[in-house]
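J.: The structure under discussion is supplied below as structure tokens; questions concerning it will follow.
The values are calculated or read from the model by the stated rules, or taken from the named source; none is laboratory data. Just so we're clear, the structure is a prediction, and the values are computed from it rather than from any experiment. When we count neighbours, we look across all protein chains shown, and the Cβ atoms used for this are built from the backbone with ideal geometry, even at glycine. Note: areas computed on protein heavy atoms with side chains; ligands, DNA, RNA excluded. Shrake-Rupley method; radii C 1.70, N 1.55, O 1.52, S 1.80 Å.
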Amino acid sequence: MTPRTPAGTANSAQHPAFEKIARVGQAASGVVHLLIGYIVIRLAFGNGGTADQSGALTTLASQPGGRVALWVAAVTLAALAAWRVVEAVAGKRSDVEKPSALDRAKTVGVAVAYLALAFTAFQFARGGGKSSSEQNVGLSARLMQSGGGKAVLVAVGLVIIGIGGYHVYKGGKKKFLDDLHRTGLPRVATPLGVVGYIAKGLAIGGAGVLVIVATFTTDPAKASGLDGAVKTLGTVPFGQVLLVAAGLGIIAYGAYCFVLARYGRM
């Protein structure tokens, strides 16, 4: 019996119809990032809002048909997470070599991120969503009550910084192009990927730094995730300009998600 290759296993596990749903999930992630970027720019001009996934989903829920859109986002993002799990096990259909352990680990990490976003969208679709920043602060406050909890927070902060650094590296070195089919790829894909990955990476890294700062200063209010990082950025000199730049960068990443939905290698 001929042994099955990773590509052959992936072909049998990933149905074309399932792929289409997963691609819609990628587009849904793009919508979320577009909304986060919009909120960041609003913050730059003194308007309120929560610059994270919960804030974006709250904005979406308030629009006509928003609840339906949230259900679609929850389902398609969950499908995208499941697709990445299969990909971590079997590899991409376009792979000619067996994926490395590091590749599998990165894919699992992406799957977890999409699953978390899908769960958040599901909560908001049911009308029970909560602010991500408030949840982060509450969890951090509980962990700060013990030495072991503080060690966990520092470790989490370092991991978040590492994730942010990887995004910056992926954008700066244009490694995201490896995720795309090159045939028919629009020229705008490269600048969107570069700007988007770097901007998102810096925002994620900033959130990780704040987690560590919050731990050493025993101030859980600072460990509020992306929203806290963005709002802290607004307090530095030229904060308004930096917030606008950050918002545009995150919008660029959101636009890149649509490119990924259309041209991504799956």
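J.: For the range 174-266, with only Lys/Arg (+1) and Asp/Glu (-1) charged at the beta-carbon, what is the dipole magnitude about the Cα centre, in debye rounded to 20?
T.: 380
J.: Roughly how big is the chain's charge dipole about its Cα centre, with Cβ charges of +1 (Lys, Arg) and -1 (Asp, Glu), in debye to the nearest 20?
T.: The dipole magnitude comes to about 440 debye.
J.: Let me ask another. Under the classification rounded if a/c is under 1.5, otherwise prolate if a/b is larger than b/c and oblate if not, where does the range 74-205 fall, given a ≥ b ≥ c as square roots of the Cα gyration tensor eigenvalues?
T.: In terms of gyration-tensor shape, prolate.
J.: Still on this structure, I have one more. Among Leu43, Leu139, Leu34, which one shows the highest mean-square fluctuation when the chain is modelled as a Gaussian network with alpha-carbon springs under 10 Å?
T.: Comparing Leu43, Leu139, Leu34 in the GNM, the peak value goes to Leu139.
J.: Give me the number: length gained by fully extending Val112 to Val236, i.e. 0.36 nm times residue separation minus the C-alpha to C-alpha distance, one decimal in nm.
T.: 41.4 nm
J.: So what is the accessible area of the range 165-229 per residue, in Å², with the probe set to 1.4 Å?
T.: Each residue of the range 165-229 exposes 48 Å² on average to a 1.4 Å probe.
J.: Let me know the charge dipole size of the range 163-211 about its Cα centre in debye, to the nearest 20, where only the beta-carbon of Lys, Arg (+1) and Asp, Glu (-1) is charged.
T.: Around 140 debye, computed over the range 163-211.
J.: For the chain, set up a Gaussian network in which alpha carbons nearer than 10 Å are linked by springs, and say which option among Ala229, Ala105, Ala90 fluctuates the most.
T.: Of Ala229, Ala105, Ala90, the Gaussian network model singles out Ala105 as fluctuating most.
J.: Most mobile of Gly48, Gly172, Gly225 per a Gaussian network model of the chain (Cα springs, under 10 Å)?
T.: Gly48
J.: Using the alpha carbon gyration tensor of the chain, what are the three equivalent-ellipsoid semi-axes (square root of 5 times each eigenvalue), largest first, in whole Å?
T.: 31, 21, 19
J.: To the nearest 10 square angstrom, how much accessible area does Ile160 have with a 1.4 angstrom probe?
T.: 50
J.: With a 1.4 Å probe and all protein chains kept in place, how do Ser131, Ser100 rank by accessible area, largest first?
T.: Order by accessible area, largest first: Ser100, Ser131.
J.: Write down the radius of gyration of the range 13-133 and its Dmax, each obtained from C-alpha positions, in Å.
T.: Values for the range 13-133 (Cα only, Rg and Dmax): 16.0, 51 Å.
J.: Sorting Thr120, Thr232 by accessible area (1.4 Å probe), largest first, what list results?
T.: Largest accessible area first, the residues go Thr232, Thr120.
J.: What whole-number value in Å² describes the accessible area per residue of the range 73-156 for a 1.4 Å probe?
T.: 52
J.: Compute the acute angle (0 to 90°) between the alpha-carbon long axis of helix 239-263 and the principal axis of greatest extent of the alpha-carbon atoms of the chain; round to the nearest 10°.
T.: 20
J.: For the chain, which longest stretch is free of loop sites, where a loop site is one of the trypsin sites (Lys or Arg not before Pro) that DSSP puts outside H, G, I, E and B and that has at most 16 other Cβ atoms within 10 Å?
T.: That would be 5-125.
J.: Another one. What does the C-alpha gyration tensor say about the overall shape of the range 103-164? Classify as rounded when a/c is under 1.5, otherwise prolate if a/b is larger than b/c, or oblate.
T.: Oblate, because a/c is 1.5 or more while a/b does not exceed b/c.
J.: If amide H atoms are built 1.01 Å from N in the plane of the peptide, which residues on other chains or at least 5 residues away come under 5 Å of the amide H of Leu180?
T.: Placed amide hydrogens put Arg265 under 5 Å from Leu180.
J.: Which distance in Å, rounded to a whole number, links the C-alpha centroids of the range 80-151 and the range 219-238?
T.: Value for the Cα centre distance between the two parts: 22 Å.
J.: Give me the net charge for the shell around Thr120: Cβ to Cβ below 10 angstrom, other residues only, Lys and Arg +1, Asp and Glu -1.
T.: Once all neighbours under 10 Å are counted, the net charge is 0.
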